[in-house]
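To start, the structure under review is shown below, and the notes come after it.
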Amino acid sequence: MRKAVWGTALGILAWAGTAHADGTKLAPVPAAQKAGFDQIREADLRADLTFIASDALEGRMSLQPGDDAAVQWIAAEFAKAGLQPAATDANGKPSYLQSVPLIEYRSNPAANSLTLRLGNAEQSWKAPELIGGYRDDVDLTAPLVFAGFGITAPGVGYDDYKGLDVRGKVVLVFEHEPQENDPASRFNGTGNTRHATNRVKALNAQAHGALAVLVMAEPNRKHPSNLERYNRIGGSAKRVPPLPGQALLDDELHIPVLTVSDVVGSALLAKAGMTPQALQSAIDGSLAPQSRALADTTVALHLENVSRSRGVSANVVGLLPGSDPSLAPETVIISAHHDHDGSNGPEIWHGADDNGSGTVGVVALARAFMANSVKPKRSILFTVFAAEERGLLGSYYMAMHPLRPLATTRALINFDMIGRNEEPSDQTTGLLDIPKDTTNRLNLIGAPYSPDFNRAVQTANRSVGLDLDDRFDHENALNVFFRSDQFPFVLKDVPAMWFNTGFHPDYHHTTDTADRINYIKMTKIVKLAYLSAWRFASEATPPAFVPDPAGH
């Protein structure tokens, strides 16, 4: 009883305001949507997140009992809310769980090696000059080819593989993409595009017949490399022993991808006829690919694992069918991920913001839509993904095995870290300007791929009053665009945006706990998603997707 009374009081206090931060009056919530809107309460979010981020769930590491418990809790809440099961089990019966078969492996960095052979000369490297692992043991020897940034982008008029034969060879590529510091670049100006991530580069190399991919940081970069940035995070990134790797059992990517240091990259390009710096400058200058075979250059790659096992996690999925028979076959997805970094025994990585906040936000939205007597015209698929921290594995799996057609999936709202105030941290210092006051600020990530989506959210925000921020769409040092579960669907041309409140010193540390959440702001974010999803699920014209956003 006390909990119910205090929950009501907290809700009244949190929502007493009727104006934006600048004093302008909030727009009224449409009457047909208000019952669900009012169902989203700070006290409920606090109670749910306190459980999800508790010691009892042991940090929700993928394939561990704590994460399995989170999966069962989400499924039970979807059922109690009245959502329909959106998947089927092995016996063909309706289920709230889409099984995600995984392989877990621990690589052996002391044994993993890369050997370069230039004519009769030979040189070998191990960690930390060679970083990464692969689900299978690997022993291969093949010629080495340089493929620029490893990008094939017909819509931009750029192809690093034009006239280049990489069949049966190992490919060396630069990280990121050309002209990333040019606001007018055809590759989304100073922001990342979907071509910039190593997975997309590897899939492209694989499609051209390559056996493996080696990635080196851009030699002329003005920011830390991916590896340098990752090491700045500390916390879970520095665990000993390190977290195991995980991979999809039936991933569409089936060649290894390793990162090499600047020193190794320069040595591998000894026969390129130009320095690495000159190669990048030539590409950046006129978007003219500089790919080439490397004479008398062969590499041998040896990778081995000390352990390897199979397991099954699950995407938790519930469906609200659309109310309009002609539009119900179309889908809006609301998503988050349920896993985090687990425990090493004495310490627990609680993952309250990352991503307990998103998990309970999706559950709250399921309750809100089901509590509203009027339902949207299109169907809504509520999804909490598996194994995001291990490489977006659950979302990549669903993008490869969709439960509803992606061609008629009209929008995806992804929650990942929606509970904190953005603060300076080791990961972002010197790389990103953080506003002085972030207590009411929400980052929207992905607008260049769907300006229509962005406009709909901006319009919905007139009834909520958050400070909306697009900084992460215009930076290239942190790789934010492809670090959460909306990205696999962007690769499938689905309009998608990531709602995120930014980084902070507790990111991937044991101190990411439920008591540090800004619940007032988090409640507003969930309400904004509710109103935005209503628009996507009911308006006659859904948002359009822009395949190749350019700079300005």
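Among DSSP beta bridges lying fully in the chain, give the percent that are antiparallel, nearest 5.
Values: 52 of 84 bridges.
Counting DSSP beta bridges with both partners in the chain, the antiparallel share is about 60 percent.
Where a ≥ b ≥ c are the square roots of the eigenvalues of the C-alpha gyration tensor, would you call region 483-552 rounded, which needs a/c under 1.5, or, failing that, prolate if a/b is larger than b/c, or oblate? Walk me through the numbers before you get to the answer.
Details: a/c = 2.83, a/b = 1.53, b/c = 1.85.
Taking the square roots of the gyration eigenvalues as a ≥ b ≥ c, region 483-552 is oblate.
What value, in deg cm²/dmol to 500, does the helix sum -39500 (n - 2.57) over DSSP H runs of n ≥ 4 give at 222 nm once divided by the residues of the chain? Spell out each step's value before the answer.
On the way: 13 runs with 139 residues, N = 552.
The helix contribution divided over the chain gives -7500 deg cm²/dmol.
Per-residue HN-Hα couplings for region 463-470, Karplus 6.51 cos²θ - 1.76 cosθ + 1.60 at θ = phi - 60°, whole Hz, x for Gly and Pro?
Once θ is set to phi - 60°, the couplings for region 463-470 become 9, 10, x, 7, 8, 8, 9, 10 Hz.
Test of understanding: what is the full-extension gain from residue 126 to residue 516, defined as 0.36 nm times their sequence separation minus their Cα-Cα distance? If you can, show how the numbers build up before the last one.
On the way: separation 390, 0.36 × 390 = 140.40 nm, distance 4.04 nm.
Contour length minus the Cα-Cα distance gives 136.4 nm.
Output wanted: per-residue J couplings in Hz (rounded whole) for region 521-527, from phi through Karplus 6.51 cos²θ - 1.76 cosθ + 1.60, θ = phi - 60°, x for Gly and Pro.
Values per residue, Gly and Pro as x: 5, 4, 4, 4, 5, 5, 5 Hz.
Return the carbon/sulfur percentage of the accessible area of region 431-552, one whole number, probe 1.4 Å, all protein chains in place.
Numbers: 1910 of 3880 Å².
C and S fraction of accessible area: 49 percent.
Can you compute the charge dipole magnitude of the chain about its Cα centre, using +1 on each Lys and Arg Cβ and -1 on each Asp and Glu Cβ, nothing else charged? Give it in debye, rounded to the nearest 20.
Values: 50 positive and 61 negative charges, 237 e Å.
The dipole of the chain has a size of about 1140 debye.
Roughly how many Å² is the accessible area per residue of the chain, as a whole number, for a 1.4 Å probe?
Details: 20970 Å² over 552 residues.
Roughly 38 Å² per residue, with all protein chains present.
Let me make sure I get this right: for region 272-348, a, b and c are the square roots of the gyration tensor eigenvalues over alpha carbons, sorted descending. Under 1.5 in a/c it's rounded, otherwise prolate if a/b > b/c, else oblate. Which is it?
On the way: a/c = 3.01, a/b = 1.52, b/c = 1.98.
Note, shape of region 272-348 comes out oblate.
Would you tally the net charge around residue 194, using a Cβ to Cβ cut-off of less than 15 Å, leaving residue 194 out, and scoring K and R as +1, D and E as -1?
Values: positive: 186, 199, 201, 483, 492; negative: 175, 177, 180, 473, 485, 493, 548.
Its environment carries a net charge of -2.
Using only Cα atoms and rounding to the nearest 10 degrees, what angle (0 to 90) does helix 2-14 make with the longest principal axis of the chain?
70
What ranking, highest mean first, results for peptides 356-365, 94-103 when packing means the other Cβ atoms within 10 Å averaged over each residue? It would help to have the intermediate numbers written out before the result.
Details: 356-365: 29.2, 94-103: 19.9.
By packing density, highest mean first, the sequence is 356-365, 94-103.
What's the extension gain from residue 26 to residue 228 if we count 0.36 nm per residue and subtract their Cα-Cα distance?
Numbers: separation 202, 0.36 × 202 = 72.72 nm, distance 4.35 nm.
That works out to 68.4 nm of additional length.
Which entry is the computed Cα extents along the principal axes in Å for this structure: [x] 77, 58, 52; [y] 80, 49, 47; [z] 73, 63, 39?
The value matching this structure is [y].
Compute the acute angle (0 to 90°) between the alpha-carbon long axis of helix 276-286 and the principal axis of greatest extent of the alpha-carbon atoms of the chain; round to the nearest 10°.
60
Quantify, in whole percent, the carbon and sulfur part of the accessible surface of region 7-140 (1.4 Å probe; protein heavy atoms only). Don't skip to the end; give the middle numbers.
Details: 3600 of 6810 Å².
After summing per-atom areas, the C and S share lands at 53 percent.
Compare the peptides 117-126, 480-489 by average per-residue count of other Cβ atoms within 10 angstrom and give them in order, highest first. Show your work: numbers first, answer last.
Values: 117-126: 12.7, 480-489: 24.5.
Packing order, densest peptide first, comes out as 480-489, 117-126.
Taking all protein chains in place and a 1.4 Å probe, what share, in percent, of the accessible surface of region 237-289 do carbon and sulfur account for? Could the numbers behind the result be given before it?
On the way: 1350 of 2280 Å².
With neighbouring chains kept in place, the figure for region 237-289 is 59 percent.
Using the alpha-carbon atoms, what tilt in degrees (0 to 90, nearest 10) does helix 65-81 show relative to the longest principal axis of the chain?
Helix 65-81 and the main axis of the chain meet at about 40 degrees.
For the pairs 34/93; 375/436; 25/222; 375/524; 169/222; 25/377, note any where the Cα-Cα span goes beyond 32 Å. Working shown, then result.
Details: 34/93 35 Å; 375/436 40 Å; 25/222 43 Å; 375/524 21 Å; 169/222 30 Å; 25/377 29 Å.
The answer is 34/93; 375/436; 25/222.
Rounded if a/c is under 1.5, else prolate if a/b is larger than b/c, else oblate: which is region 183-279, with a ≥ b ≥ c the root eigenvalues of its Cα gyration tensor?
Rounded shape, in that the Cα axes give a/c under 1.5.
The values are calculated or read from the model by the stated rules, or taken from the named source; none is laboratory data. Since we're looking at a predicted model, the values are computed, not measured. With ideal geometry, Cβ positions are generated from the backbone for all residues, glycine too; neighbour counts draw on all protein chains shown. SASA here: full protein model, heavy atoms, side chains in, ligands and nucleic acids out. Shrake-Rupley method; radii C 1.70, N 1.55, O 1.52, S 1.80 Å.
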